[in-house]
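Below: the structure, in structure tokens.
The values are calculated or read from the model by the stated rules, or taken from the named source; none is laboratory data. Only a predicted model underlies this, so the values are computations on that prediction, with no experimental measurement involved.
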């Protein structure tokens, strides 16, 4: 059996380190995330499709499904960036609805924008 010489060990170690340093999988590059990006605070193309005394119906653009949100006195409503009320909302407005953390069917905030 042959003995490994220090020169051969050095060549093998250098070769192994250069392979490790240039391999993206082993070089410590950040992995690409498979998570979907978080939606921005911008408008989502969701639309108000109906208004009721204590709720609004919204068509969610991403799913093309209708979703009803209950409104209570604690619901914060803004229209075109200004404080608003349920009566200042209108069918067809672009809207972002933030549900309450403990009840996804109740609106904590409604931010509506009239179409110009």
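State whether one or more residues within the stretch 2-10 are within 15 Å of residue 93 (Cα to Cα) and modelled with pLDDT under 65. Quick ask: steps written out before the conclusion?
Of the residues in the stretch 2-10, the ones within 15 Å of residue 93 (Cα to Cα) are none.
No, that holds for no residue.
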(request) Spot the failing condition for residue 40; the list is (1) outside any loop (DSSP other than H, G, I, E, B); (2) at pLDDT below 90, and only one is missed. (result) (1)
